[in-house]
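The values are calculated or read from the model by the stated rules, or taken from the named source; none is laboratory data. Computed from a prediction, not measured in an experiment: that's the story for all the values here. Cβ placement follows ideal geometry from the backbone for every residue including glycine, while neighbour counts extend to all protein chains displayed. Only protein heavy atoms, including side chains, enter the accessible area calculation; ligands, DNA and RNA are left aside. Shrake-Rupley method; radii C 1.70, N 1.55, O 1.52, S 1.80 Å.
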Amino acid sequence: MTAYGLVVSVLVLLLLGEAASADASGRIVGGDDQVIRNAPWQVSIQISARHECGGVIYSKEIVITAGHCLHGKSVTLMKVRVGAQNHNYGGTLVPVAAYKVHEQFDSTFLHFDIAVLRLSTLLTFGLSTRAINLARVSPSAGSTATVTGWGNTDNGALAETLQKAQLQIIDRAECASLKYGYGADFVGEETICAATTDADACTGDSGGPLVANSQLVGIVSWGYECANENYPGVYADVAILRSWIVKAANAI
Ligand code: 4AZ
């Protein structure tokens with residue numbers, strides 16, 4: 001090998017090493033592309049014309065998202081992109097008429113991190129746009145669920161195309177136990193956790209769906225870092241919050 005060849009090889013190795021280490025802090029960390037037709041309830045919540053959070057279609061006029069995505073923000077700046085493969089183009093962009101964040105939402109600990117919003121026009125459902133049913137029972141520990149979103153990828157930027165990752169459910173008590181880094185104060189009574197090796201939700205996935213057996217079981221809420229094995233992703237538990245969602249959807 002020439003000296004030049006050696007320099008190029010070392011550079012390539014360094015770049016590969018960089019990519020491999022970046023992978024550990026990853027994207028809908030370690031996800032795969034997801035076509036919107038396979039997650040037609042997924043929406044992008046836009047604030048000031050930028051993707052802010054994920055969201056989930058509940059009905060032709062109501063979208064569910066995380067409380068921290070909307071809390072304290074002006075409804076006039078909000079739009080929802082539905083039926084789109086990409087967060088920044090395609091599908092239909094619909095203005096928001098009103099929203100409601102859970103009365104017990106706690107912005108310090110992100111407890112009761114749930115909100116509903118009402119669209120200014122009714123959606124037309126189709127192959128890429130439809131509602132999902134809310135789970136009535138919390139998913140059991142060890143069961144599988146899928147999270148989707150346009151949140152940060154390995155390179156720290158939003159995903160261009162929708163991503164998905166398959167996770168295992170960790171029940172609340174175990175998630176709050178010494179097995180992980182959070183402790184009971186941080187893991188709220190109305191949450192459930194989910195994780196797997198090398199895949200996780202990340203910044204920008206909040207508000208989006210965690211789905212099992214074609215039902216909405218969780219809303220992406222928060223986590224310390226992304227795909228850190230000591231810190232599972234924390235989700236609002238939809239079965240626990242179901243009655244609030246149904247009531248709030250009727251009230252706004
Ligand atoms: C966020 O900031 C966020 N690893 C969402 C989920 C996770 C971390 C951060 C879970 O939106």
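All of (1) away from the ligand (no atom under 16 Å from the Cβ); (2) surrounded by 21 or more Cβ atoms within 10 Å (Cβ to Cβ); (3) under 23 Å from E189 (Cβ atoms) hold for K100 with one exception: (2). Scanning the range 184-206 for residues being more than 8 Å from the ligand (Cβ to nearest atom) and either under 18 Å from G54 (Cβ atoms) or within 14 Å of the chain's Cα centre (by Cα) (or both) gives a total of 6. For the range 119-160, a residue qualifies if it is hydroxyl-bearing (S, T, Y) and within 14 Å of the ligand (Cβ to nearest atom), and the qualifying residues are T148, T153.
Residues in the range 229-252 that are within 13 Å of the ligand (Cβ to nearest atom) and either without any contact (Cβ under 8 Å) to a residue 24 or more places away in the chain or open to solvent by 50 Å² or more (accessible area, probe 1.4 Å) (or both): 3 in all. Residue count for the range 207-227 satisfying the condition of being part of a loop (DSSP other than H, G, I, E, B) and either in contact (Cβ under 8 Å) with a residue 60 or more places away in the chain or more than 12 Å from the ligand (Cβ to nearest atom) (or both): 7.
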